[in-house]
Amino acid sequence: MAGPIQTNERIILYDIIRGFALCGIFLVNIPSMLGSDWMFGRPDYYGSDLFVRTLFDLFVQTKFYTIFSLLFGIGFSIFLERSHARGESVSRYIRRILILFLFGLAHLAIWSGDILHTYAMWGLLLPLFYGLSNRAILAWAWSLLIGSFFLFYGSSALVEWANGGDFDSGAPFPTPYNMGFGIWFDYRLQIEIFAAMSNSLLVGIEILSLFLFGLYIGRERKLLTWSIQGLTRTATICVLFTLPFFGVIIWHHYGQGEAYYWVNLVAVLVSGKLLATTYICLFTIAVRKGRTFAPLQALGRMALTNYLTHTLIIVLPVIALGAYGALSLTEGLFLSIAILIAQSFFSMWWLKTHRYGPFEKLWRLGTYGRQTKSS
């Protein structure tokens, strides 16, 4: 099975990659959900926590929202292609995006790390690019990606390097998180939700660029037709280019680079794009060779439900128990792995009798209306 992926396998490939990305997203998110990471005060890591933080920066951080964003662009390409084939206007896509925005707002009310509202805000712009040539789409994608990188990250890293480092002590620990639901929610309404919405306007430029790369990949069927030799070569080149950035990350955590926060962040961001490409290529090769990855398939088919469930089973109990900041980074890692294993079993069980996950079904119902055939 070394040729192009067949029609029925195309969905499987995207589901597998989406399920893999979901796992990485949760590993990235759970430290801030638990209050165990640098977001609120940058603790001095040591022992196993330092090792876990380094592994996250090397192999997880920024790698998986990149994959998710590319998949969003690919999904948009497929959705619009089918809509045009049916002679439909773009209104159904807009309705689908608005429903996603509502999901995101509800999720944002609980947790600031929501990405759905950001996807919806910037996803509304995608129809403006759909009619462009591939060359124009790639020109926009590269321009937005490189421009956002230098504007928001590269410039800060250069200033930091010129100043010989500038250790960022981070924001103070949010004590309202351990003072009950009422005080916690007031704190979120007054401070965090507005900040999260504002941040969406900044990070959204990079997100839009990744959407456009995904649009190009989906339009050209790159993952479905690219040869194994081409995928292997691309993955190898990306790994080789990643190694110098790995050196910067290790130097930041274990060497004399502790004060170079922005320099490390640049290394994490660039390696994120390179490793995301590597992960996608490797999974595509594996599917070409007959691997099915049933747990990842199930997680991917119910990605929206599983993503939202992470917040419900982590954030709300933590606030209820006043346990924000009580678990270490290492403990959070093991907890996230256990939850992902449980979700994979639940997803496989659910999909035996349902075509879609609960939130996927609701999203589809809002997009298409009530279907004549239940699923």
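The values are calculated or read from the model by the stated rules, or taken from the named source; none is laboratory data. Given the structure is predicted, the values throughout are model-derived calculations rather than measurements. All Cβ positions, glycine included, derive from the backbone under ideal geometry; neighbour counts span all protein chains shown. Each accessible area value is taken on the protein alone, full model and side chains, heavy atoms only, with ligands, DNA and RNA left out. Shrake-Rupley method; radii C 1.70, N 1.55, O 1.52, S 1.80 Å.
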So Leu351 and Ser48, fully extended at 0.36 nm per residue minus their Cα-Cα distance, gain in nm 105.4 nm
Which labelled figure in [x] 85, 57, 42; [y] 55, 47, 37; [z] 58, 52, 39 is Cα extents along the principal axes in Å, once derived from the coordinates: [y]
Show me the ranking of peptides 327-333, 300-306 by mean Cβ neighbours inside 10 Å, starting with the highest. 300-306, 327-333
Rank His253, His310, His354 by accessible area, highest first, at a 1.4 Å probe radius? His354, His253, His310
Give the ranking of Leu269, Leu335 by solvent-accessible surface, highest area first, calculated with a 1.4 Å probe. Leu335, Leu269
Any chance you could look up the accessible area of Asp166 with a 1.4 Å probe, heavy atoms only, rounded to 10 Å²? 100
3J(HN,Hα) from dihedral phi, the stretch 185-197, Karplus parametrisation 6.51/-1.76/1.60, rounded to Hz, x for glycine, proline: 6, 4, 4, 5, 5, 7, 10, 6, 5, 4, 4, 5, 5
In nm, spacing of pseudo-spin labels at Arg233 and Leu158 (7 Å Cα→C-beta vector): 3.4
Normalised per residue, the volume of the convex hull around the Cα set of the stretch 260-306 (Å³): 96
Alpha-carbon gyration tensor eigenvalues x 5, square-rooted, for the stretch 46-176, Å: 35, 21, 14
Whole-percent tail of the Cα-Cα distance distribution for the stretch 173-317, cut at 18 Å, equals 75
Here, Asp166 and Asp186, labelled 7 Å along Cα→Cβ, have an inter-label distance in nm of 3.5
Throw me the Rg/Rh for the stretch 146-199, computed over C-alpha atoms with Kirkwood Rh, two decimals. 1.17
Exposure ranking of Lys361, Lys289 by accessible area [1.4 Å probe, largest first]: Lys289, Lys361
If the chain between Leu282 and Leu105 were fully stretched, how many nm would it gain, using 0.36 nm times the residue separation less the Cα-Cα distance? 60.3 nm
Using a Cα distance threshold of under 26 Å, what count of lysine pairs results for the chain when pairs must be 8 or more residues apart or interchain? 10
Enumerate the calculated ³J(HN,Hα) couplings along the stretch 22-27 in order (Karplus 6.51 cos²θ - 1.76 cosθ + 1.60, θ = phi - 60°), each rounded to whole Hz, writing x wherever the residue is Gly or Pro. 4, 4, x, 4, 5, 4
Identify which of Leu275, Leu34, Leu158 has the largest mean-square fluctuation in a Gaussian network model of the chain, with springs joining Cα atoms closer than 10 Å. Leu158
What's the magnitude of the charge dipole for the chain around its Cα centre, counting Lys and Arg as +1 and Asp and Glu as -1 at the beta-carbon? Answer in Debye, nearest 20. 2100
Express the relative contact order of the chain as a whole percentage, based on alpha carbon pairs under 8 Å and six or more residues apart in sequence. 36
I'd like the accessible area for Glu81: 1.4 Å probe, protein heavy atoms, all chains in place, Å² to the nearest 10. 80
Looking at the square roots a ≥ b ≥ c of the eigenvalues of the Cα gyration tensor of the stretch 271-375, which shape do they give, rounded for a/c under 1.5, prolate if a/b is larger than b/c, or oblate? oblate
If you count only protein heavy atoms and use a 1.4 Å probe, how large is the accessible surface of Val90, to the nearest 10 Å²? 50
